[in-house]
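Scroll down for the structure; my scribbles are underneath it.
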Amino acid sequence: MVDVADKLAYFRAITGLEDSDLCTEILQAHNWDLELAISSFTSNHSDNHPFSSSYAATDTTTTVGDPSNATIHRSDPTSIVPAGAPPPGLAWKIVTLPISVISGSLGFISGAVGFGLWAAGGVLSYSLGFIGLGSNSGRGGDSSAQLVTVSAASREAIEFVAQFERDYGSGSSTRPNFVGEGFMDALTRSRNTFKLLFVYLHSPDHLDTPAFCEGTLCSEVLSAFVNENFVAWGGSIRGSEGFKMSNSLKASRFPFCAVVMSSTNQRIVLLEHVEGPKSPEEMLVILQRVLEQSAPVLVTARLEAEERTTNMRLREEQDAAYRAALEADQARERQQREEQERLEREAAEAERKRKEEEEARDRAASEAAEKEAALARMRQEKALSLGAEPEKGPDVTQVLVRFPTGERKERRFHSAVTIQSLYDYVDSLGSLNVENYSLVSNFPRVVYGTDKVSLSLKEAGLHPQASLFVELN
């Protein structure tokens, strides 16, 4: 229901129709398609513009009270009806409704087909130009042309500004700076800059239009005042948006000027409208009065916007400070965590090394113990292999062994035993911590190495007695 009510109110505001039943029937006939219904209505009425010299109306200047009331004051809708012609009744509107629907539908379809052909032609032209086959692809052609998408309302406004400058700006450097954008965009611009919107509806066929444009709008005093205090928007009633705005503002005589401002829910407030020719002085007085009356609202809006901006900036600063503090806390926590992890890693590494060293010591001690045990077994085995020391006799050799430490050991051996027995005797004593050594005699010097261990003592010339010393290798 809300959507239907909004569409009905918007359709009435755009078309200027006051009959709710008729507006409802038109929208229902178009399946509540607002754009199609408005297109059908405007195309059906575009050949009979309600703005010509045949309309009977007097010069009017209607002042609206304080703009904060947010109400729109418009002149009597019957004042835009041609003189001598009564307004069409409801029955005639209902009779002509099917024709309007059919005409609007055909117009919409033809417009869509035309737009499709235009778009296809533009794409083809751009493609040919891109590969060097376009009409401007020669040496002297402009190869920098680009396709620019502009809305219909903006294109209409740009065309109006260009035409107005050609017609009235050639001999004068002062004129209102009409914005080259649609009405709603201009209204948004005025709201964002905290200014009122000055609206001029241009009727090229009206007899008073040239004099009003040249003598009033382009006057140095008025144009400077408008450019400084207002956002100016102009539109020709020959255009679609200009025609719609003339219906919305109930323009009944030209030249037509109005001052509007935006309100809530995408609505506009009509603060002032001026119909008929006026001098620059009269227009200046009217605009100054509207500006003075609207100043409190504009100042309040500006202050509220500045307060919102300040609050937003304060919130952003607070958020930034909070984020900075949070990041600092997170960085500190991360640093502490990393330090804790480093200490834990160092402690774990130290513990690992301690365990490894302890294991190495244990292993070395175990190996040393095993080695010592092996040596003890070996000494015991070699001592057993030597047998008992023989008594003195003709076949017994007396052997003296001197160690590097100065220690001396002496024992008797059978002369038939080999030199290996002497090595086994030295090993069994446990006086040496090395395994690689040799038994050597001094006079003459003879080394009894591995090549002589199989010789008997007698064969080696060590019988009946020998003095040997241990030489470490």
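The values are calculated or read from the model by the stated rules, or taken from the named source; none is laboratory data. Nothing here was measured: the structure is a model prediction, and the numbers come from that model. Every residue, glycine among them, receives a Cβ derived from its backbone with ideal geometry; neighbour counts consider all protein chains shown. The accessibility values were calculated without ligands, DNA or RNA, using every heavy atom of the protein model including side chains. Shrake-Rupley method; radii C 1.70, N 1.55, O 1.52, S 1.80 Å.
Miscellaneous remarks
- Summary of packing: across the peptides 358-366, 437-445, the per-residue average of other C-beta atoms within 10 Å ranks them, highest first, as 437-445, 358-366.
- Karplus-derived 3J(HN,Hα), 6.51/-1.76/1.60, for each residue of region 205-212, Hz, glycine and proline x: 8, 6, 5, 8, 5, x, 5, 5
- Using the Cβ-Cβ distance between GLU367 and ALA325 with R0 set to 51 Å, the FRET efficiency from 1/(1 + (r/R0)^6) comes to roughly 0.25.
- 15 Å Cα-Cα reach of LYS355 towards aspartates and glutamates, excluding residues that sit fewer than 8 places from it in its own chain: GLU346
- Straight-line cross-link partners of LYS7 among the lysines, defined as a Cα under 26 Å from its Cα and at least 8 positions apart when in the same chain: LYS93, LYS244, LYS250.
- Backbone amide hydrogens, once placed in the peptide plane, bring ILE268 within less than 5 Å of SER263, excluding anything fewer than 5 places away on its chain.
- Projecting the Cα atoms of GLN420, VAL453, SER467 onto the dipole axis of region 407-473, where Lys and Arg carry +1 and Asp and Glu carry -1 at the beta carbon, places SER467 farthest toward the positive end.
- The string of couplings for region 367-375 from the Karplus curve (6.51, -1.76, 1.60, θ = phi - 60°) is 5, 5, 5, 5, 5, 4, 5, 5, 5 Hz, one whole number per residue in order, with x for Gly and Pro.
- Straight-distance crosslink candidates among aspartates and glutamates, where the alpha carbon sits under 14 Å from LYS392 and sequence neighbours closer than 8 are dropped: GLU410
- Once backbone amide H atoms are built at 1.01 Å from N, PHE254 has GLY276 as its partners under 5 Å, excluding neighbours fewer than 5 places away on the same chain.
- Residue order for TYR425, TYR10, TYR322 - accessible surface, 1.4 angstrom probe, largest first: TYR322, TYR10, TYR425
- Here's how it looks for HIS202: its modeled amide H is under 5 Å from those of GLY235, SER236, ILE237, which are all 5 or more places away or on a different chain.
- With kT/(6 pi eta Rh) evaluated at 20 °C and eta = 1.002 mPa s, and Rh the Kirkwood radius from Cα pairs, region 173-227 diffuses with a coefficient of 173 µm²/s according to Stokes-Einstein.
- For VAL453, the solvent-accessible surface with a 1.4 Å probe is about 30 Å², rounded to the nearest 10.
- Burial order of peptide ranges 223-230, 176-183 (average beta-carbon count within 10 Å, highest first): 176-183, 223-230
- Sorting MET312, MET261 by solvent-accessible area of protein heavy atoms yields MET312, MET261, largest first, with a 1.4 Å probe.
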